[in-house]
Amino acid sequence: MAARKAKRTPRKASSSPASKQTKKTRIHKDPEKEFAKALSKKGMVQVLRMVDDDCLIHVKDYLSTGNPELDRVLQGRGIPFGRVTEIFGPHHIGKSTLLDHLFKMVQRAGGSGVLADTEEARDISYTSAIGVDVNRLQLLEFDRAELTMENVLNKILETIDWWRTKYPERKVLVGWDSLGGTQTNEERDKTVERGKSPGSAASIMQLMRRKVTPALANTNIALVILNHEYEKIQTGGFAGKKRETYGGEAVRMAASIRLELHPTKGQWLPGTNGVIIGRKVGVKVVKSKLGGSTMAGCEIAVLHGEGVSNAWTLFESFKREGIIQTKDSWSAINLDGEILKFQGFNGLQKLFLKDPTLEDRMLKVYKGLNL
């Protein structure tokens with residue numbers, strides 16, 4: 001007779017450490033959350049995600065420049081709040097005009113503008129003609145003896161801190177016109193000759209980069225610094241002169257956006273009677289830490305007594321895209337079945353004055369082009 005097989009007894013579950021470790025690994029954990037929680041407990045640092053509203057690198061909003069071509073090269077958004085924007089170029093190129101347009105736009109958005117005008121060369125009637133409510137534009141005033149780069153930066157820091165603390169939700173634009181036109185304490189005290197030691201300004205701006213940039217972070221405050229260029233004799237085997245901006249590398253590093261304004265070919269704009277009424281200005285994005293193409297550029301028209309002309313921008317853009325047809329001195333556009341005829345961008349500007357809705361209608365067409 002065949003031997004009967006012995007019954008197998010069920011094997012007891014092992015309580016060895018290896019078995020416990022296997023069970024533990026089956027528990028789904030989020031190591032990133034665990035890391036954030038562990039470091040945040042230390043009290044010295046808070047670990048956030050880049051998309052969190054409280055994250056310092058988070059840009060809460062953008063301010064439109066008011067010009068469709070300028071906004072286009074700035075990713076269709078404009079300049080960022082919570083960051084530094086530098087606008088630089090030669091004298092009389094339109095830097096102050098562009099800043100005034102930004103003041104107009106922040107006021108239209110229900111916000112406030114604060115200006116440190118260290119050059120003291122602003123024309124209040126021109127600023128008003130651009131559309132700025134000069135009764136609401138606040139000025140940081142300095143005694144002439146105290147008008148130095150160090151004092152301006154301290155007042156800007158106080159301004160940022162006040163608005164950030166008292167009215168954190170309000171959109172605020174702080175403009176400095178201009179860094180290159182502001183003396184340092186050393187220059188005021190005549191220990192260095194004005195313009196001969198840009199390194200003096202550079203060391204001060206290094207301090208600005210360490211203080212102002214974090215003070216702005218994750219706020220509804222934008223700081224726009226206007227700057228001049230100067231010529232530097234190159235050394236080390238390089239011939240010729242190099243154009244530099246005041247404040248050195250610190251300003252270039254602090255700025256999230258850097259816009260260069262420069263003359264263009266055939267820059268002067270004649271009116272219907274041949275008299276020069278403005279100039280074309282080239283704008284180039286030489287730095288953007290917020291995406292988009294650096295070296296993206298466009299042209300704008302700055303008209304005497306009026307500022308940046310949207311009529312010129314729309315006229316040139318639509319003509320380039322074939323939306324505006326031209327024959328001899330006359331131009332025409334079919335807008336929602338309505339044929340509008342005019343002579344050049346000056347004629348288009350006159351139509352804007354007759355029909356206040358026309359500019360907005362044409363701006364909608366421009367945005368639909370996806371240029």
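The values are calculated or read from the model by the stated rules, or taken from the named source; none is laboratory data. Given the structure is predicted, the values throughout are model-derived calculations rather than measurements. No Cβ is skipped: glycine too gets one built from the backbone with ideal geometry, and neighbour counts run over all protein chains shown. We work out accessible area using only protein heavy atoms, side chains counted, and drop any ligands, DNA or RNA first. Shrake-Rupley method; radii C 1.70, N 1.55, O 1.52, S 1.80 Å.
Some observations on this one:
- Residue check for residue 115: in a helix (DSSP H, G or I) and surrounded by 15 or more Cβ atoms within 10 Å (Cβ to Cβ): no
- Total residues in region 162-192, condition assigned to a helix (DSSP H, G or I) and either open to solvent by less than 70 Å² (accessible area, probe 1.4 Å) or of a type in the set (Gly, Ala, Ser) (or both): 3
- Matching residues, region 138-154, being in a helix (DSSP H, G or I) and buried (at least 18 other Cβ atoms within 10 Å of the Cβ): 149, 151, 152, 153
- Residues (touching a Ser or Thr at 6+ places or on another chain (Cβ under 6 Å), of a type outside the set (A, V, I, L, M) and free of Cβ contacts under 8 Å to residues at least 60 places away in the same chain) located in region 290-325: 294
- Residue list for region 339-367, restricted to those being in a strand (DSSP E or B) and not basic (Lys, Arg): 339, 340, 342
- Selection of strands (runs of 3 or more DSSP E) fully inside region 241-303 by the criterion of at least 2 residues being of a type in the set (Lys, Arg) and modelled with pLDDT under 85 returns 241-245.
- Scanning region 317-338 for residues that are in a loop (DSSP other than H, G, I, E, B), within 23 Å of residue 371 (Cβ to Cβ) and open to solvent by 70 Å² or more (accessible area, probe 1.4 Å) turns up 321, 336.
- Within region 162-213, the residues that satisfy the criterion of being hydroxyl-bearing (Ser, Thr, Tyr), farther than 20 Å from residue 250 by Cα and modelled with pLDDT of 85 or more are 165, 167.
- Region 39-79: number of residues that are modelled with pLDDT under 75 and open to solvent by 40 Å² or more (accessible area, probe 1.4 Å): 17
- Boolean, residue 134 is without any contact (Cβ under 8 Å) to a residue 12 or more places away in the chain and in contact with a helix residue (DSSP H, G or I) (Cβ under 7 Å, 6 or more places away or on another chain): yes
- Here region 339-371 is the region considered, the condition is being without any contact (Cβ under 8 Å) to a residue 12 or more places away in the chain and polar (S, T, N, Q), and the residue that is most open to solvent (accessible area, probe 1.4 Å) is 370.
- Residue count for region 90-108 under the criterion of being open to solvent by 70 Å² or more (accessible area, probe 1.4 Å) and over 15 Å from residue 180 (Cα atoms): the result is 1.
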